[in-house]
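The values are calculated or read from the model by the stated rules, or taken from the named source; none is laboratory data. The structure displayed is predicted, hence computed values, not measured ones. Neighbour counts are summed over all protein chains in view; Cβ atoms, including those assigned to glycine, are modelled from backbone coordinates with ideal geometry.
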Amino acid sequence: MQHKCYSGINDLPIWNWWMINEKNDFSFLFMEKKDYKKNYNLNKIWRTIYDEYIEAFGFGETFLEILKKQVDIARLIIEKAVTGDKSIQTFIDVNNYELQEMQKPITEHTNFFKTKAQVEMALGFTFDSKKTSVAEFYSYIEIIKEKRNG
């Protein structure tokens, strides 16, 4: 029996995208929940869809700041190992604390319906989150950003 999965950001509903990201539940990649099989490898499908999203919409500013902080920490760890200077650990600890603070907004629960309502208010119309694709939803957000930036 062929299991029907969403194949990309053009057909994956934003509701499913949100549930996958919030719950780390790849069963939302199936078009019908009854098709879900625990042994079915969905990681490759998810990576393909996520890579397509990154290619279309890029990384968020917060993600890039977190990545830069992680690189800074790695450099400090290497410097400490090469020089043997134990005082560098203080800088590593401070940077780790800053990294944790940067990640808090990401790990705290975000309300999907609040985000959806804000997009609808900004655009002046409503949409069905179970029919609106990831690509369409993030295009709406880009339009809102463009309007705000003039």
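Some observations on this one:
- Restricting the first member to the range 67-91 and to residues that are in contact (Cβ under 8 Å) with a residue 24 or more places away in the chain, and the second to residues that are part of a helix (DSSP H, G or I) and surrounded by 11 or more Cβ atoms within 10 Å (Cβ to Cβ), the beta-carbon pairs closer than 6 Å and six or more apart or on different chains are K69/L99; I73/N95.
- If the condition is being over 16 Å from F113 (Cβ atoms) and under 18 Å from the mean Cα position of the chain (by Cα), then the range 124-144 contributes S133, V134, A135, E136, Y138, S139, E142.
To keep it simple, each residue is scored yes or no on (1) in a helix (DSSP H, G or I); (2) hydroxyl-bearing (S, T, Y); (3) touching a helix residue (DSSP H, G or I) at 6+ places or on another chain (Cβ under 6 Å); (4) surrounded by 11 or more Cβ atoms within 10 Å (Cβ to Cβ).
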site: A56; (1), (2), (3), (4): yes, no, no, yes
site: I73; (1), (2), (3), (4): yes, no, yes, yes
site: T90; (1), (2), (3), (4): yes, yes, no, no
site: N95; (1), (2), (3), (4): yes, no, yes, yes
site: L99; (1), (2), (3), (4): yes, no, yes, yes
site: V119; (1), (2), (3), (4): yes, no, yes, yes
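- Of all residues in the range 46-72, exactly one satisfies the criterion of being modelled with pLDDT under 85 and hydroxyl-bearing (S, T, Y), namely T62.
- The number of residues in the range 27-45 that are modelled with pLDDT under 90, part of a helix (DSSP H, G or I) and touching a strand residue (DSSP E or B) at 6+ places or on another chain (Cβ under 9 Å) comes to 2.
- Cβ-Cβ distances below 6 Å connect the following pairs, each with a first residue in the range 15-26 that is assigned by TED's automatic domain parsing to the domain that holds V134, a second residue that is surrounded by 13 or more Cβ atoms within 10 Å (Cβ to Cβ), and a separation of six or more residues or different chains: W15/S129; N16/F28; W17/V134; W18/F112; M19/F28; I20/F28; F26/L42; F26/W46.
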